[in-house]
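Novice: Next up is a structure, given as structure tokens.
The values are calculated or read from the model by the stated rules, or taken from the named source; none is laboratory data. All figures in this text were calculated on a predicted structure; none of them were measured in a lab. With ideal geometry, Cβ positions are generated from the backbone for all residues, glycine too; neighbour counts draw on all protein chains shown. When the accessible area is computed, the model is the full protein with side chains, heavy atoms only, and any ligands, DNA or RNA have been set aside. Shrake-Rupley method; radii C 1.70, N 1.55, O 1.52, S 1.80 Å.
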There are 2 protein chains.
Amino acid sequence: MNNVTIALDAMGGDHAPASVMEGAALAIQHSPQLSFLLFGDQEKLAPLLAQFPAVAARSVVTHTEHAVGPHDKPSAVVRTGRNTSMWLAIQAVKEGRAAGVVSAGNTGALMAVSKIILKTIPGIARPAIAGLIPTTQRDCVMLDLGANIDCDAEILSQFAIMGDAFARAVLSIKTPRIGLLNVGSEDMKGHEAVKNASILIRAMGDSINFHGFVEGDDIGKGTVDVVVTDGFTGNIALKTAEGTARMISHYLKRSLCSSLLARIGAAFAWRSLKELKNTLDPRKYNGAMFLGLNGIVVKSHGGTDAFGFSRAILVAAGLAEYNINQRIGDELRVFEMAKKPTLEAAEI
Amino acid sequence: MNNVTIALDAMGGDHAPASVMEGAALAIQHSPQLSFLLFGDQEKLAPLLAQFPAVAARSVVTHTEHAVGPHDKPSAVVRTGRNTSMWLAIQAVKEGRAAGVVSAGNTGALMAVSKIILKTIPGIARPAIAGLIPTTQRDCVMLDLGANIDCDAEILSQFAIMGDAFARAVLSIKTPRIGLLNVGSEDMKGHEAVKNASILIRAMGDSINFHGFVEGDDIGKGTVDVVVTDGFTGNIALKTAEGTARMISHYLKRSLCSSLLARIGAAFAWRSLKELKNTLDPRKYNGAMFLGLNGIVVKSHGGTDAFGFSRAILVAAGLAEYNINQRIGDELRVFEMAKKPTLEAAEI
């Protein structure tokens, strides 16, 4: 990895700033060429910088007196949040001082401020939140995870293009298989937006590897590399999957403690069970990108720990290395989205 | 359980009629007072009736030459399907000869024909598909699982009432906690339909135990007893949960076979792991009800086996015993839905 500078909102997240600083230290261990612009309360950061000298050596700190709270309304932050750690960290990306920004703070505020400061890529109507999720095959990309509650067909078709670029960047897949999340695989299934989005994506031709509709259980199967959906459905699908995983883990633990024999068995299988836990560790999947902006903005889960936060930093650095936004722009041109093909044109 | 007669579409489902007949035999073992009206091809049923004499002894067979195919369009079945096993089985409920009907056939056709024959309960705009799902607490009810792609606030609020009655009937909970599935728990979250549905359900007062909004991960946590959502989101959430469970099971099996120590461990823990598998056996959760019709219609998963089908039969019998539709009608009256309170009225 080349030298990459990432701006960090040191005050965002349930365990900030400690988890942010320790996360930065872990990220440097992984990629020693990383450097940081840290935005936060200097008094709180000072002892942490002393604790993590590797971070201190590769960081420039900007003192900020204000921070965005987890329950602050995005509209209020947009009006009055110019001096917050979040705002100033995003501003550093706009000014080219950082290749990307990572925050574990208030998602709505992060999106609203990012849109105002960075603006969307020409040809993209709305940014989307994209993240990785585990499947029985390789990981897959899902978007939108909650930025846009209502999405029409054109917006969904743009998500397909952005997801395609994201999968190429993050998963190194040459021609990612794109699926549109629906309640059935037949053409007649679903509401107007998904039916029409399917027509629009097909009209993009061979440059996109469109699988067609996929259903909820196709996510875990790994039927496609990119699952495209609106932010309402995507958010609920992602959280339902997380909740199901936690429920099964709960029952598995209970089973393996339920008798002496089970406990002996668990002891024998300990290493394998630990490997399983690692495979599905949600912290490994931390770091969702706001795709479609003129700048890299990665949202870390608010409740994650230092390891989780370090993964979000590495996602941001990887996307910067790949020039993700340049690539999305290129793909948009390939698909002649500049012309904004309408549904009527696609159906001809 | 009292004497209950259930109509069975013997030709619906991937493994019909064998799975239907063996399922009926398993259901009789569990509840010997059950009896059946069987609708299907007599030639195919005859050897199965010989194989399961307990079913033969408690069944009346109606020969049908036609069956609804899994890919038949619901609108076509409505026009031309009057002589199918599915249609005639539903007709038996309408005529009072059966207390309910179970089919593992084409879901869309089953819903369309059921609506035409049985009609909706007065005061209910649209029937919903309701089913049980496992949580870390007791099972919970989720609806709609796919009958209605688009739902406005009034329809969602009716689902809350129907889900309440269903949870009382099937889970024997006196005051089920009702949650509305959304992308966040704050009032401002979500699209207009969920926000307005929340206002309408709150306006029902203390007669309903409304928890408010729940998120996807609340399903597995068991935060509420009834999860209310539109059919698009509900179908995707349910299938995402199923897919996640299968994915974890895949990795768990692989882990427990990955080394000699792991295999020894799995052998010791075998009984506990088997109990875990039983706890989360999807066949136990087979049998989704079409709520809101003047008659009990239970949809079995098309790919289930005899055990799964027997569970769907027992769901239908249980709902018949509880007089579920009578109860929904009563609840509607309690909530004065006859007046059809509008959103404007609720907000005053």
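Novice: Taking every Cα atom in the stretch B:1-49, find the radius of gyration and the maximum pairwise distance Dmax, and write them in Å.
Specialist: Reported Rg and Dmax, both Å: 10.8, 32.
Novice: Going by amide H atoms built from the backbone, whose H comes under 5 Å of the H on B:Ala98, apart from near neighbours?
Specialist: It is B:Val93, by chain and number.
Novice: Once you list every other residue whose beta carbon is under 12 Å from the beta carbon of A:Asn278, what net charge do they have if Lys and Arg are +1 and Asp and Glu are -1?
Specialist: +3
Novice: In whole Hz and in residue order, list the ³J(HN,Hα) couplings for the stretch B:299-309 that follow from phi through the Karplus curve 6.51 cos²θ - 1.76 cosθ + 1.60, θ = phi - 60°; x for Gly and Pro.
Specialist: For the stretch B:299-309, the Karplus curve yields 9, 8, 4, x, x, 6, 9, 4, 4, x, 5 Hz.
Novice: So, one more: Taking chain B as a Gaussian network, Cα atoms linked when under 10 Å apart, which of B:Ala316, B:Ala167, B:Ala125 shows the biggest mean-square fluctuation?
Specialist: Of B:Ala316, B:Ala167, B:Ala125, the most mobile in the Gaussian network model is B:Ala125.
Novice: Largest first, how would A:His71, B:His63, B:His191, B:His301 line up by accessible area (1.4 Å probe)?
Specialist: Putting A:His71, B:His63, B:His191, B:His301 in descending order of accessible area: A:His71, B:His301, B:His63, B:His191.
Novice: Using a 1.4 Å probe on the protein chains only, how many percent of the accessible area of chain B belongs to carbon and sulfur?
Specialist: Looking at chain B in its full context, I get 52 percent from C and S.
Novice: What ³J(HN,Hα) values, in whole Hz, does the Karplus curve 6.51 cos²θ - 1.76 cosθ + 1.60 give for the stretch B:67-76 when θ = phi - 60°, with x put for Gly and Pro?
Specialist: Per-residue couplings from phi come out as 9, 6, x, x, 10, 5, 6, x, 5, 5 Hz.
Novice: If you take the Cα Rg of the stretch B:121-177 and divide it by 2.2 N^0.38 Å, with N the number of residues, what do you get?
Specialist: Scaled against compact globular proteins, the figure is 1.14.
Novice: Can you give the accessible area of A:Ser310 in Å² (nearest 10), computed on protein heavy atoms with a 1.4 Å probe?
Specialist: 10 Å²
Novice: For A:Glu65, B:Glu154, B:Glu321, write out the residues from largest to smallest accessible area, computed with a 1.4 angstrom probe and no ligands counted.
Specialist: A:Glu65, B:Glu321, B:Glu154
Novice: First check a/c for the stretch A:288-338, with a ≥ b ≥ c the square roots of the eigenvalues of its C-alpha gyration tensor; if it is under 1.5, answer rounded, and if not, answer prolate when a/b is larger than b/c or oblate otherwise.
Specialist: It is prolate, given that a/c is not under 1.5 and a/b is the larger ratio.
Novice: Which distances, shortest first and in nm, link B:Arg333 to the matching position in the other copies, using label points set 7 Å out along Cα to C-beta?
Specialist: 7.1
Novice: A further question follows. How are the Cα pair distances of the stretch B:247-294 distributed, in percent, across 5 Å bins from 0?
Specialist: Going out from 0 Å in 5 Å bins, the stretch B:247-294 shows 5, 17, 19, 20, 11, 8, 6, 6, 4, 3, 2, 0 percent.
Novice: Give, in whole angstrom and from largest to smallest, the semi-axes √(5λ) of the equivalent ellipsoid of the stretch A:28-127, with λ running over the eigenvalues of the Cα gyration tensor.
Specialist: 25, 18, 11
Novice: While we're here: Which residue, A:Ala203, A:Ala241, A:Ala57, has the most motion in a Gaussian network model of chain A that connects Cα atoms within less than 10 Å?
Specialist: Looking only at A:Ala203, A:Ala241, A:Ala57, the biggest GNM fluctuation is shown by A:Ala57.
Novice: Still on this model: Antiparallel DSSP bridges in the protein assembly as shown: what percent, to the nearest 5?
Specialist: Counting only bridges with both partners in the protein assembly as shown, antiparallel ones make up about 25 percent.
Novice: Normalised by the number of residues in chain B, what is the relative contact order in percent for Cα pairs under 8 Å and 6+ residues apart?
Specialist: 23 percent
Novice: At A:Ala57, label 7 Å along Cα→Cβ: distances to the other copies, nm, ascending?
Specialist: Listed shortest first, these distances are 8.5 nm.
Novice: Calculate the length of the line joining the C-alpha centroid of the stretch B:1-77 to that of the stretch A:200-231, in whole Å.
Specialist: So the two Cα centres are separated by 38 Å.
Novice: Provide a list, ordered by number, of residues in the stretch B:179-198 showing at least 10 Å² less accessible area with every protein chain present than when their chain is taken on its own, using a 1.4 Å probe.
Specialist: The answer is B:Leu181, B:Asn182, B:Val183, B:Glu186, B:Met188, B:Gly190, B:His191.
Novice: Considering only protein heavy atoms, what is the solvent-accessible area of A:Leu26 at a probe of 1.4 Å, reported in Å² to the nearest 10?
Specialist: Per-residue accessible area (A:Leu26): approximately 50 Å².
Novice: So, one more: Averaging sequence separations of C-alpha pairs under 8 Å and six or more residues apart, then dividing by the length of the stretch B:65-118, give the relative contact order as a whole percent.
Specialist: Value for the stretch B:65-118: 45 percent.
Novice: Sequence gap at least 6, Cα distance under 8 Å: using those rules, report the relative contact order of the stretch B:202-348 to the nearest whole percent.
Specialist: 14 percent
Novice: Give me the Debye-computed log₁₀ of I(q)/I(0) at q = 0.07, 0.08, 0.09 Å⁻¹ for the protein assembly as shown, equal point scatterers on Cα only, no solvent, two decimals.
Specialist: Log-scaled intensity ratios, in q order: -0.52, -0.68, -0.84.
Novice: For the stretch B:120-255, what proportion of DSSP beta bridges, expressed in % and rounded to the nearest 5, is antiparallel?
Specialist: Of all bridge pairs located within the stretch B:120-255, approximately 25 percent are antiparallel.
Novice: Next question, about the same structure. Just for chain B, what percent of DSSP beta bridges are antiparallel, to the closest 5?
Specialist: 25 percent
Novice: Okay, moving on. Could you tell me the center-to-center distance, by alpha carbons, between the stretch A:179-196 and the stretch A:138-166 in angstrom?
Specialist: If you average the Cα positions of each part, the centres end up 15 Å apart.
Novice: Which far-off residues, 5 or more places away or on another chain, put their amide H under 5 Å from the one on B:Leu293, with H placed in the peptide plane?
Specialist: B:Ile121
Novice: Please list, ordered by chain and number, the residues whose modelled amide H lies under 5 Å from the amide H of B:Val61; skip anything fewer than 5 residues away on the same chain.
Specialist: Long-range HN contacts for B:Val61: B:Leu38.
Novice: Kindly write out, for the stretch A:310-326 in residue order, the coupling ³J(HN,Hα) from the Karplus curve 6.51 cos²θ - 1.76 cosθ + 1.60 (θ = phi - 60°), rounded to whole Hz, with x marking Gly and Pro.
Specialist: 4, 5, 5, 4, 5, 4, 4, 5, x, 5, 5, 4, 7, 6, 3, 6, 4
Novice: Would you mind giving the three semi-axes, in whole Å and largest first, of the ellipsoid equivalent to chain A according to its Cα gyration tensor?
Specialist: 32, 29, 17
Novice: Give the interface area between chains A and B as buried accessible surface, both sides summed, probe 1.4 Å, in Å² to the nearest 100.
Specialist: 4600 Å²
Novice: Please list, or write none, the aspartates and glutamates whose alpha carbon is within less than 14 Å of the alpha carbon of B:Lys119, excluding same-chain residues fewer than 8 places away.
Specialist: B:Glu95
Novice: Additional query: Ordering A:Glu192, B:Glu186 by accessible area with a probe of 1.4 Å, largest first, what comes out?
Specialist: A:Glu192, B:Glu186
Novice: Quick one: divide the alpha-carbon radius of gyration of the stretch B:208-348 by 2.2 N^0.38 Å and tell me what you get.
Specialist: That ratio works out to 1.42.
Novice: Among A:Lys253/B:Lys253; B:Lys73/B:Lys115; A:Lys73/B:Lys195; B:Lys115/B:Lys174; A:Lys277/B:Lys277; A:Lys195/A:Lys239, which pairs are too far apart, with a Cα-Cα distance over 22 Å?
Specialist: B:Lys115/B:Lys174; A:Lys195/A:Lys239
Novice: Please report, in debye to the nearest 20, how large the charge dipole of the protein assembly as shown is about its Cα centre when each Lys and Arg carries +1 at its beta carbon and each Asp and Glu carries -1 there.
Specialist: Its charge dipole is roughly 1500 debye.
Novice: While we're here: 7 Å along Cα→Cβ for the label point: how many nanometres lie between B:Pro32 and each equivalent label in the other copies, listed shortest first?
Specialist: Nearest to farthest, the other copies are at 7.9 nm.
Novice: Over the stretch A:102-219, one equal point on each Cα, no solvent: what is log10 I(q)/I(0) by the Debye formula at q = 0.11, 0.14, 0.18 Å⁻¹?
Specialist: Treating every Cα as an identical point scatterer, log10 I(q)/I(0) equals -0.38, -0.62, -1.02.
Novice: Other chains near A:131-142: what is the mean number of their Cβ atoms within 10 Å of each residue's Cβ?
Specialist: Partner Cβ neighbours, averaged per residue: 2.
Novice: Keeping every protein chain present and rolling a 1.4 Å probe, give me the accessible area per residue for the stretch A:73-164 in Å².
Specialist: Spelled out: the 1.4 Å probe surface of the stretch A:73-164, per residue, equals 33 Å².
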